[in-house]
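To start, the structure under review is shown below, and the notes come after it.
The values are calculated or read from the model by the stated rules, or taken from the named source; none is laboratory data. Computed from a prediction, not measured in an experiment: that's the story for all the values here. FYI the Cβ positions are ideal-geometry reconstructions off the backbone, even for glycines, and counts take in every protein chain you see. Surface accessibility is based on the protein's heavy atoms, side chains included, excluding ligands, DNA and RNA. Shrake-Rupley method; radii C 1.70, N 1.55, O 1.52, S 1.80 Å.
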Amino acid sequence: LLRALRRLLPLLAPGGWLDRAGFSPAPEQAFVSLLVSSLFVAALWKLRDYLEESRQTEDLLAAEASRRESEGRYRALFEQAGDYALVLEPREDGSLIILDVNEAALQAHGYARAELVGQPLSVLDPFQDPELLAPRLEAIRQHGMALFQVKHRRKDGSLFDAEVRTTLVHLDGRPVLLSSERDITDRLKAEEERRELQARLNQAQKLESLGILAGGVAHDMNNVLAAILGIASSLKEKMAPSSPDGHSLETVMQACTRGRGVVKGLLYFARKDLQEECAIDLNALVRDLVQLLEFTTLKRFSLETDLEADLGSLRGDEGAISHALMNLCVNSMDAMEEGGRLTIRTRSLPGGGLELSVADTGAGMPPEVLARAMDPFFTTKPVGKGTGLGLSMVFGTMSAHGGTVELRSRIGQGTEAVLTFPASRVEAPAEPPGVPAPPSAADRHALSILVIDDDELVRESVQIMLEGMGHRPVLASGGQEALDRFGQALSVDLVILDMNMPGMNGAETLVHLQSARPDLPVLIATGYSDENVKALLEGRPKVGSVRKPFSAEELGRKLADLGACPSNR
């Protein structure tokens, strides 16, 4: 239209096409026409500008509406996210400024929005390491995202572990970091507990293997000691009391007795030797332990005892109490790496109970360690140096005796463990009963005794003891061989039966023997006093037991207890 008007105006001007065609309007008319045309053209031009501005305004309004809608969606996602979300702006000095933070993050950290927006990220991340921050920012710039773990601090000062996923985005044309964080404290704790449980399982498996090994070693050692003790005791009985060789044999027998105590400790560790209750001289038990420690501590420690006289007898499990005391002494010596003084005391309590304490001059324990010292598997010793079971086993032993264990310790002042036994387990001192003498040769009946044991040393030592008593031993190396001899009309008055044998064990052999001869006395010889032996003794008055290793005197007493005499065959 404008182009058409531009072409029309020259035609209306003087000398134009109308003038040449003979149409000559008056000058006033030509001026008016020109003015009207100009005004019309200006109006059309203004209309064009208005329409263009209207279009631009509509575009701006549409863009603003789209921006608001997008911002609303972002805000909704930002605020409703379950994770803690922060918008961070990296500055040239390497710091990160918080531009925005969602409600979840505010609640988790305990801040109001105004307290965080505009503040450096170090408010929440006090352990922010500039040497680590720069590589992380560079990784985000290169890859657009980074994942790492940090420790955040709440407003109250408490800390929690957070897993952070940071992404590089653009906000209003400028690069910012969108940080999505999640509290992983519970997850890390669960992982730590899982690792601890796995370590405990591994430790328990090691202990089980060691227990099996200890049981096997104890069995073999019992057989060796049984042979030595049996022959030595038989030879001693044949000698005159004044014989110099008798003193040497007495020393051999004492060494075997001490070795038997060591084997009992191994069996207790293997959980196979839960002794029956007996009257215990606590002072004597301490003296024996101190004597043992003096030979094993390389003189680095000063061992002192403070034992109250006339304590009375303590009724309990001697092996368990000895093992508990040994655990306490070992812990005390471990706490004195450069040497020190170990003191063991016994005391009578006002109410009639007894107190046994072990004190050292070691480094002592801080309160947090003291609080957990008796927890199973808890140890402050390096890997491979401790199981974490020593004090918990002491606690279990004292609980079984109705007593208590208390640890007293201070840094730099050593540690004292106090074991308290109740008055109900204490018996008044009494004159020790006379040991019944074994039956004399005149009182003995010559018995035919079948000895069943897979160990040749044990068979031969028992044979020597029985022959020294005037009996007639018959030897068998296993249960099946013994049964075969019974099938060949073997007639005996008594059987000495080993429990732990390959092939047919003692329990199986006993069933077959009693099936053939229900009235036949049987003496079970075993290195274990476990539930299996107790079960075999129940309801069988003709069955007894003797602990390996045993002397000729002990064997003679056990035979007498069974009331063995020649049967009428």
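For segment 294-363, give the percent of accessible area contributed by carbon and sulfur heavy atoms, probe 1.4 Å, rounded to a whole number.
Answer for segment 294-363: carbon and sulfur cover 46 percent of the accessible area.
Given the pairs LYS238/LYS534; LYS236/LYS534; LYS236/LYS542; LYS236/LYS548, which span a C-alpha to C-alpha distance of over 25 angstrom in this model?
Exceeds cut-off: LYS238/LYS534; LYS236/LYS534; LYS236/LYS542.
Roll a 1.4 angstrom probe over the protein heavy atoms and tell me the percent of accessible area of segment 93-203 that is carbon or sulfur.
Result for segment 93-203: 52 percent of the exposed heavy-atom area is carbon or sulfur.
Per the Debye formula with a single identical scatterer at each Cα and no solvent contribution, what log10 I(q)/I(0) holds for segment 298-341 at q = 0.18 Å⁻¹?
The calculated log intensity ratios at q = 0.18 Å⁻¹ are -0.72.
How much accessible area per residue does segment 463-559 have, in Å², with a 1.4 Å probe?
42
Rank by packing, highest mean first: peptides 49-55, 331-337, 494-500, with packing defined as the count of other Cβ atoms within 10 Å averaged across residues.
Going by the mean number of other Cβ atoms within 10 Å, highest first, we get 494-500, 331-337, 49-55.
Rolling a 1.4 angstrom probe over the protein chains, ignoring ligands and nucleic acids, what is the accessible area of PHE148 in square angstrom, nearest 10?
In the full protein context, PHE148 sits at about 40 Å².
If each residue of separation counts as 0.36 nm, what is the full-extension length gain between GLN514 and GLU53 once their alpha-carbon separation is subtracted?
This chain segment gains 154.1 nm when fully extended.
May I ask you to give the solvent-accessible area per residue for segment 309-375, in square angstrom, as obtained with a 1.4 angstrom probe?
Per residue, segment 309-375 has 43 Å² of solvent-accessible surface.
Place the peptides 99-106, 361-368, 302-309 in order of packing, highest mean first, counting for every residue the other Cβ atoms within 10 Å and averaging per peptide.
99-106, 361-368, 302-309
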